[in-house]
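Right, one structure below, let's go through it.
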Amino acid sequence: MRSLGVRVEGFGCPVAAGVADHNGWAIFVGVSANDGSPVIVDRRRVELIEPGLPKQPYEHETAGMNADEAERLVQEVRESAVHCAERALSRLRSSLGRETVSIALRAAPLPRLPESVAEAHASWHILMRADAMLYHDALCTAAGSLGIEVATFPREEERREAADAMATTAERLDLFLSGLRASLGPPWQQDHQAAAARAIATLERYTTLRLPKPQKP
């Protein structure tokens, strides 16, 4: 696990962790507030699967397996993903030294995990989303086990909701998010910005937020 970026100590405001999840890994961006303005307090890439296990078992490795072998493999991957997510969230919380109240993710790609590998393989729509759903479910399960709330946002809606949370426009929010690269340094990609927007939209439930005032030249 690699932790990057700015740490801001001594604030009383809790942290919301925005998440950009992928098959086998995720970006976490921790957001708190200073004098009402959102502040990035942590950013890190975390692994959501242990070495040696496949990242996309539904779509790839279980093809051609007999049913029992396929179910065992998916179960092993699911258990590993939950374990890795719990470890990542525990490390995030302990390293920040303040309360992590919520994680914020995109909406789940499926209403639920497939009940069986056969169910996943019977539908192209489910098969193409089942692996992503596995990691999304693992993150939600891990957060629940640690007493951390989970917030979800429809894809592409997190920026609008973050802008609403700070009573500003999506355009001004985009300028704020993209402008953070100057102070934070790389990496600060679209994944990081989307995760930060999700965290801002979630943190508003715990404190009043506003855009920081522009610095005078």
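The values are calculated or read from the model by the stated rules, or taken from the named source; none is laboratory data. Nothing here was measured: the structure is a model prediction, and the numbers come from that model. Heads up, the Cβs are rebuilt from the backbone with ideal geometry, glycines too, and the neighbour counts pull from every protein chain shown. What goes into the accessible areas is simple: the full protein's heavy atoms, side chains included, and nothing from ligands, DNA or RNA. Shrake-Rupley method; radii C 1.70, N 1.55, O 1.52, S 1.80 Å.
Some values worked out for this structure:
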| quantity | calculated |
| --- | --- |
| Among the residues listed as Val82, Val29, Val39, Val46, the single one being surrounded by fewer than 22 Cβ atoms within 10 Å (Cβ to Cβ) and either within 14 Å of Ala16 (Cα to Cα) or of a type in the set (Phe, Trp, Tyr) (or both) | Val39 |
| Number of positions in the stretch 146-164 that are open to solvent by 20 Å² or more (accessible area, probe 1.4 Å) and free of Cβ contacts under 8 Å to residues at least 60 places away in the same chain | 12 |
| Inter-residue pairs, beta-carbon under 6 Å, first closer than 25 Å to Glu157 by Cβ and outside any helix (DSSP H, G or I) and in the stretch 82-110, second at pLDDT below 95 and open to solvent by 10 Å² or more (accessible area, probe 1.4 Å), 6+ apart | Thr100/Arg93; Val101/Pro14; Val101/Tyr206; Arg106/Arg155; Ala107/Pro154 |
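Residue-by-condition table, conditions (1) modelled with pLDDT of 95 or more; (2) open to solvent by less than 10 Å² (accessible area, probe 1.4 Å); (3) of a type in the set (Asp, Glu); (4) more than 23 Å from Tyr206 (Cβ to Cβ):
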residue	(1), (2), (3), (4)
Gly10	no, no, no, no
Ala70	yes, yes, no, yes
Arg78	yes, no, no, yes
Glu99	no, no, yes, no
